[in-house]
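Values in this text are rule-based calculations from the coordinates and carry no lab data. For clarity, every value in this text was computed on a predicted model and none was experimentally measured. No Cβ is skipped: glycine too gets one built from the backbone with ideal geometry, and neighbour counts run over all protein chains shown.
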Amino acid sequence: MQSVYHVKSDDQVEVIAGKDKGRVGKVLRVDRKLNKAIVEKINMVKRHTKPNQANQQGGILDKEAYITLSNLMVICPKCSKTSRVGSRILDDGTKIRFCKKCGEPVDK
């Protein structure tokens, strides 16, 4: 299912549903095919690993797991509130995302 994505890498987002509801983090990676994202320090899971060249010790490691995009809401950098994000085409033809609450651009 292809759709317009409101979340991009390096966005500040808040989790609005699930076990980490209310927590804030930075988006590290977005997978468009899975419709999911990895957010820094959110949805942590345990990973059991064998010792190898990179990790001599092995053991149980904590890592971030994917979280569905519908459970994330972008935090506007201007008004510092979670809001819906719309898209707008500027006069020069570039497409930007904007905050629906304050109207300011979300893109850098």
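Starting from the 7 Å offset along Cα-to-Cβ, what nm value, one decimal, do you get for the label separation of Cys79 and Lys46?
Going by the 7 Å Cα→Cβ label model, 4.3 nm.
About its Cα centre, how strong a charge dipole does the chain have in debye, to the nearest 20, once Lys and Arg get +1 and Asp and Glu get -1 at the Cβ?
Here the size comes out at about 300 debye.
With the cut-off at 19 Å, tell me which of the pairs Lys8/Lys78; Lys36/Lys95; Lys78/Lys108; Lys8/Lys100; Lys41/Lys100; Lys19/Lys50 have Cα atoms farther apart than that.
Where the Cα-Cα span goes over 19 Å, the pairs concerned are Lys36/Lys95; Lys41/Lys100; Lys19/Lys50.
If you take the Cα atoms of the chain, find Rg, then find the Kirkwood Rh from the mean of 1/r over all pairs, what is Rg/Rh?
1.09
Could you check which residue among Ile42, Ile16, Ile96 shows the biggest mean-square fluctuation in a GNM of the chain with a 10 Å Cα cutoff?
Ile96
Rank Lys81, Lys50, Lys95 by mean-square fluctuation in a GNM of the chain with C-alpha springs under 10 angstrom and give only the top-ranked residue.
Of Lys81, Lys50, Lys95, the Gaussian network model singles out Lys50 as fluctuating most.
Could you derive backbone 3J(HN,Hα) for the stretch 65-73 from the dihedral phi with the Karplus parameters 6.51, -1.76 and 1.60 (θ = phi - 60°), listing whole Hz in sequence and x where the residue is Gly or Pro?
In residue order, the calculated couplings are 10, 5, 9, 5, 4, 5, 8, 10, 10 Hz.
Can you list the aspartates and glutamates whose alpha carbon is less than 15 Å from that of Lys46, not counting same-chain residues fewer than 8 positions off?
Asp62, Glu64
Measure off 7 Å from each Cα along the Cα-to-Cβ vector at Leu28 and Lys108, then give the distance between these two points in nanometres to one decimal.
1.8
Relative to the present Cα-Cα distance, how much length would full extension add between Lys8 and Thr94 at 0.36 nm per residue of separation?
29.3 nm
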